[in-house]
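Asker: Right, I'll just put the structure down here and ask away after.
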Amino acid sequence: MVVVGASARPGSFGTRLAKATMSARFPGQITFVNPRGGEICGRTALPSLADLDHVPDVAVLGVGGANLERALLDAIAKGARSAVIFDSCHGETANGHLLLPRLRAIAAEADIPVCGGSGMGFINTRSGAVASFYPAGHLKSGGISLIAHSGSVFTVLGMNDPRFRFDLMVSPGQEIGAGIDEYIAFATSRNTTRAIALFMEAARNPQGLIDSLKAARARGIPVVVCKVGRTEESARLARSHTGALVGSNAAYAAVFEECGAIVVDSVDEMMSTALLCATGRVPGPGGLGLVTDSGGLRELQVDLAVESGTPLARLSASTRQALRAQLPPDLEPSNPLDCAADLTDDFAKTFETGLRLLSAAPEVSMLGLEADVRDDYIYEDRLLTLAKALPRLTDKPCFLYSSFGLTHNRRLADELADLGLPVMNGAKMMLAAARNLQGWADWNACAPDTVTTTGVALPEQLDEASSLALLRGFGLPTLECRVCDTAEAVQTAAGEIGFPLALKTAAPGIDHKSDAGGVVLHLRDTDGLLDAYADLSARLGPRVIVQKMAEKGIELAFGCVVDQDFGPLVMVAPGGILVELFDERQVARAPFGTAKAEAMIRRLRVARLMEGVRGEPPRDLAAAAQALSAFSRASAALAVQISEMEVNPVIVTATGSQAVDALIIARKI
């Protein structure tokens with residue numbers, strides 16, 4: 001490692017940088033470069049990079065913007081294999097070029113990874129390599145690789161609490177020559193990384209992000225993502241409802257779900273989840289088993305678990321019988337299990353019994369112990385002894401926790417981390433971490449939902465009828481219809497299709513026909529049909545669609561927006577006028593199979609209606625899922641030719657589903 005800009009001047013950035021690079025006792029060579037030469041931290045400094053007598057693995061460039069271009073070029077000329085830049089890179093080079101694009105161009109031409117600028121560098125706790133101005137001698141190595149776009153997140157999470165043990169810590173900053181996807185891929189390639197904590201703003205290489213997340217999934221490494229900027233709405237001007245409803249964050253959410261990443265809302269949840277994941281233990285089917293020392297906190301945990309959707313293990317009859325036989329009579333065999341019996345010499349024995357029986361229960365996938373043990377107070381020494389023995393008692397994920405988020409237990413958590421036992425504070429965070437790990441394990445156990453499709457050509461005229469016909473070719477059931485432009489043709493179509501009918505304008509440029517008064521429903525005879533046609537043709541023109549009237553059912557809307565980074569995104573939401581009234585939708589990247597489609601529909605509140613309520617028959621949810629999957633295949637096949645596509649409504653009946661209306665918007669060239 002060569003450190004350019006190191007200094008012996010007290011209080012300077014260069015001194016701080018030099019001391020930090022030496023803080024973790026890196027066994028490799030560290031060389032300081034300063035134009036004045038001299039001695040820095042007991043080492044003789046070289047006046048320039050040109051004086052270096054070896055090829056450095058990394059050049060740490062702790063210089064200001066005015067000197068960065070020259071420093072990076074000199075490092076590359078010396079054969080440096082990588083570089084780190086801290087400066088914000090907002091200025092200009094000596095010849096007037098913008099600095100940041102110039103540095104990116106240099107890195108790309110030399111094909112050299114550059115960490116930064118405007119970042120904190122990186123720390124490899126295994127090797128002791130500290131390419132940062134934050135000292136790392138206090139850090140103990142562990143299984144979490146932290147990748148944080150925010151430099152403050154890098155320092156706050158990495159330097160704050162000893163319970164979090166890191167394999168790598170990276171602050172990519174502006175990603176001059178290496179993106180978060182490459183850091184994820186590198187962390188995934190290391191046998192010492194067991195979980196990746198990713199605090200990200202955006203992906204500069206969208207496909208690289210997808211590939212790296214899928215590689216982590218394939219290796220069984222959970223990636224816990226806290227994505228910021230979630231409320232930013234897409235700037236896309238939309239003609240369809242779908243374009244207005246699918247914001248930019250939906251693309252990331254769909255990608256994370258597709259790739260099996262764990263999505264969280266806060267850094268607290270991110271680190272609690274990563275802490276539990278980093279043990280390397282994977283839960284089997286079932287739910288969380290908890291042993292606590294409080295009846296009141298037990299009730300709180302049940303409430304929070306139900307409200308958050310955290311699966312608590314449902315104890316089997318045999319487990320309950322075993323607990324009943326061995327617990328004091330005043331304790332209920334439940335989960336969570338309150339083991340706080342009378343204060344006798346056998347107080348800790350009850351906890352031991354509960355832990356042993358729950359750990360052996362096949363329905364329990366993870367095991368947590370709550371006890372009043374803190375840095376300044378231990379209620380019962382034998383409870384701490386039980387906690388230390390937990391990793392040997394079971395091979396399931398296990399942990400010690402406190403329902404109070406501000407419990408004073410950092411020193412204790414550090415001690416237990418040495419034994420492989422995570423310590424989590426706050427019942428909400430504990431339950432979130434358990435829910436996230438269980439969900440990841442359950443998702444990973446499912447077979448991948450792979451669907452392939454081939455491209456097709458768009459028809460020259462994209463109206464409702466041709467759009468429905470095109471989608472029908474992909475297997476999407478549609479209502480029979482005819483395009484007509486005379487009263488005679490309308491009457492003929494009615495004879496072929498049969499009443500009852502719907503009549504809709506087919507005038508070009510009217511995307512949402514109901515808004516223009518261009519739809520007449522429930523036409524039951526020829527006189528009513530011809531009267532309706534006379535009115536529509538007078539107001540909106542002679543071209544109309546005669547369509548079979550749909551059966552009564554539950555209405556859904558399918559939509560597709562082609563995201564510029566992640567490709568076709570398919571949405572399902574309540575249909576008809578409800579698409580704008582109900583604030584719910586599910587989004588996934590196309591294409592996908594029927595299992596994924598059904599899961600998306602079931603997450604909607606409107607899916608409850610499909611089960612049959614108030615005497616209504618159940619609707620054919622399987623048919624709706626097949627239709628949504630077919631729509632996703634069409635979306636993937638047409639992605640390079642369209643910007644948006646919508647089918648609304650899709651009516652789901654007791655015996656199938658049918659698409660009523662379609663809108664396809666071609667991509668502008």
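Asker: What about Ala251, is it open to solvent by 20 Å² or more (accessible area, probe 1.4 Å), modelled with pLDDT under 95, closer than 30 Å to Pro568 by Cα and part of a helix (DSSP H, G or I)?
Answerer: For Ala251, the condition - open to solvent by 20 Å² or more (accessible area, probe 1.4 Å), modelled with pLDDT under 95, closer than 30 Å to Pro568 by Cα and part of a helix (DSSP H, G or I) - is not met.
Asker: Can we say Asn436 is surrounded by fewer than 16 Cβ atoms within 10 Å (Cβ to Cβ) and either of a type in the set (Ser, Thr, Tyr) or under 23 Å from the mean Cα position of the chain (by Cα) (or both)?
Answerer: Answer is no for this residue.
Asker: Right, something else. Any residue at all in region 475-485 that is under 30 Å from Gln641 (Cβ atoms), surrounded by 22 or more Cβ atoms within 10 Å (Cβ to Cβ) and under 38 Å from the mean Cα position of the chain (by Cα)?
Answerer: Yes, region 475-485 contains a residue that is under 30 Å from Gln641 (Cβ atoms), surrounded by 22 or more Cβ atoms within 10 Å (Cβ to Cβ) and under 38 Å from the mean Cα position of the chain (by Cα).
Asker: Give the residues of region 356-394 that are open to solvent by less than 20 Å² (accessible area, probe 1.4 Å) and acidic (Asp, Glu), sorted by residue number.
Answerer: Residue satisfying the conditions is Glu370 alone.
Asker: Out of all the residues in region 63-80, which are in contact with a strand residue (DSSP E or B) (Cβ under 9 Å, 6 or more places away or on another chain) and assigned to a loop (DSSP other than H, G, I, E, B)?
Answerer: Listed by number, the residues that qualify are Val63, Lys78, Ala80.
Asker: Can I ask one more? If you scan region 397-424, which residues turn out to be open to solvent by less than 30 Å² (accessible area, probe 1.4 Å) and not in a loop (DSSP other than H, G, I, E, B)?
Answerer: Within region 397-424, Cys398, Phe399, Leu400, Tyr401, Ser402, Leu412, Ala413, Leu416, Ala417, Val423, Met424 meet the criteria.
Residue by residue, here is whether (1) in a loop (DSSP other than H, G, I, E, B); (2) open to solvent by 40 Å² or more (accessible area, probe 1.4 Å); (3) in contact with a Cys (Cβ under 6 Å, 6 or more places away or on another chain) holds:
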{"position": "Thr273", "(1), (2), (3)": "no, no, no"}
{"position": "Val282", "(1), (2), (3)": "yes, yes, no"}
{"position": "Pro285", "(1), (2), (3)": "yes, yes, no"}
{"position": "Gly296", "(1), (2), (3)": "no, yes, no"}
{"position": "Glu299", "(1), (2), (3)": "no, yes, no"}
{"position": "Asp303", "(1), (2), (3)": "no, yes, no"}
{"position": "Thr310", "(1), (2), (3)": "yes, no, no"}
{"position": "Thr319", "(1), (2), (3)": "no, no, no"}
{"position": "Pro328", "(1), (2), (3)": "yes, no, no"}
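Asker: Just for region 342-355: of the residues that are buried (at least 17 other Cβ atoms within 10 Å of the Cβ) and not β-branched (Val, Ile, Thr), which one is farthest from Gln438 (Cα to Cα)?
Answerer: Phe347
Asker: Count, please, the residues in region 214-243 that happen to be of a type outside the set (Ser, Thr, Tyr), at pLDDT below 95 and surrounded by 18 or more Cβ atoms within 10 Å (Cβ to Cβ).
Answerer: Qualifying residue count for the region: 3.
Asker: Which condition from (1) touching a residue at least 24 places away in the same chain (Cβ under 8 Å); (2) over 30 Å from Phe256 (Cβ atoms) is the one that Asp381 breaks?
Answerer: (1)
Asker: So which of Ala77, Ala94 ends up being open to solvent by 20 Å² or more (accessible area, probe 1.4 Å) and either at pLDDT 95 or above or under 19 Å from Gly119 (Cα atoms) (or both)?
Answerer: Ala77
Asker: Determine which member of the set Val55, Val60 is assigned to a loop (DSSP other than H, G, I, E, B), at pLDDT 95 or above and under 42 Å from the mean Cα position of the chain (by Cα).
Answerer: Val55
Asker: Are there any pairs, at least 6 apart or on different chains, whose C-beta atoms fall under 9 Å, with the first in region 77-104 and under 19 Å from Val4 (Cβ atoms) and the second in a helix (DSSP H, G or I) and of a type in the set (Phe, Trp, Tyr), and if so, which?
Answerer: So the pair list comes out as Phe86/Phe13.
Asker: Among the numbered criteria (1) within 30 Å of Leu209 (Cβ to Cβ); (2) modelled with pLDDT of 95 or more; (3) open to solvent by 40 Å² or more (accessible area, probe 1.4 Å), which single criterion is violated by Ala534?
Answerer: Here Ala534 meets the rest and fails (1).
The values are calculated or read from the model by the stated rules, or taken from the named source; none is laboratory data. Note that the structure is predicted; figures quoted are calculated from it, not measured. Here the Cβ is made from the backbone with ideal geometry for all residues, glycine too, and neighbour counts use every protein chain on show. Please note that ligands, DNA and RNA were not included when accessible areas were found on the heavy atoms of the full protein model with its side chains. Shrake-Rupley method; radii C 1.70, N 1.55, O 1.52, S 1.80 Å.
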